[in-house]
Amino acid sequence: DDIMIGYLKVKFQELFLYLTTVKKNVAYSDRQYFVKSNVEIAKKINEYVLQNFDRTLTYENLSEKFCIKMTTMKNCYKNIYGETVKDTIIRRRLEVSASLLKETSLSITEIALQVGYADHSKFSNAFKKMYNLTPTEYKKMSEIAHSV
């Protein structure tokens with residue numbers, strides 16, 4: 001009895017925190033459900049994509065490799081991870097490149113090639129879009145932060 005009020009306060013806070021993460025305006029009947037095997041395939045695709053982000057991966061190749069229809073793969077993946085396979089690849093490439101910019105002395109072009117970008121300008125544009133800094137600015141800021 002002594003802790004009941006405090007306990008309930010914590011539980012309400014947990015509930016409110018959870019409710020802030022739930023997508024708004026999504027009707028219960030609008031949710032999509034997928035066969036368990038397709039969900040497992042989507043998880044395997046995610047693992048594969050995260051490990052092979054530096055390679056050219058197409059929806060057709062992934063669909064064929066994992067024996068799943070392309071439309072099913074796209075829908076299932078997006079509903080599970082909240083982003084497309086392409087978005088996952090781009091995000092992973094840029095996360096790795098940010099780490100390389102901070103931790104290595106590789107040039108920006110070398111980093112772009114290492115993470116799977118053949119075109120330096122496409123890499124720079126994607127990087128700026130995600131981090132609001134060019135790779136050069138990011139590298140300089142990292143060097144300054146590291147020296148402090």
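Points worth noting:
- R0 of 22 Å, Cβ-Cβ distance CYS67-ASP87: FRET efficiency to nearest 0.05: 0.45
- Result for the chain in a Gaussian network model with C-alpha springs under 10 Å: among LYS122, LYS43, LYS74, the largest mean-square fluctuation is at LYS122.
- Nearest 10 degrees, 0 to 90: helix 135-147 Cα axis against the chain principal axis: 80 degrees
- Spin-label pair VAL96/ASN79, simplified geometry with 7 Å Cα→Cβ offset, distance in nm: 3.0 nm
- Across all directions, the shadow cast by the convex hull of segment 1-106 built on its C-alpha atoms averages 11.5 square nanometres.
- Relative to the longest principal axis of the Cα atoms of the chain, helix 36-51 runs at roughly 30 degrees.
- Cα convex hull of segment 92-143 - mean projected area over all directions, nm²: 2.9 nm²
- The helix-only estimate of mean residue ellipticity at 222 nm for the chain, built from DSSP H runs of length n ≥ 4 each weighted as -39500 (n - 2.57), is -22500 deg cm²/dmol after division by the residue total.
- Of all lysines in the structure, not one has an alpha carbon short of 20 Å from that of LYS9, not counting any fewer than 8 places away in one chain.
- Approximate spin-label separation TYR18-TYR59, in nm, with each point projected 7 Å along Cα-to-Cβ: 3.4 nm
- Listed by chain and number, the aspartates and glutamates whose C-alpha is less than 16 Å from the C-alpha of LYS11, apart from same-chain residues fewer than 8 away, are ASP1, ASP2.
- The alpha-carbon of LYS74 sits under 20 angstrom from the alpha-carbons of these lysines, leaving out residues fewer than 8 places away in its chain: LYS23, LYS36, LYS43, LYS44, LYS65, LYS86.
- Helix axis angle, 120-131 relative to the chain longest principal axis, alpha carbon, degrees: 30 degrees
- The relative contact order of segment 1-135 comes to 19 percent, based on Cα pairs under 8 Å that sit 6 or more residues apart.
Rule-based calculations on the coordinates, nothing more; no lab input. Because the structure is a prediction, the values reported are computed rather than measured. Reconstructed Cβ throughout: ideal geometry from the backbone, glycine too, with neighbour counts over all protein chains shown.
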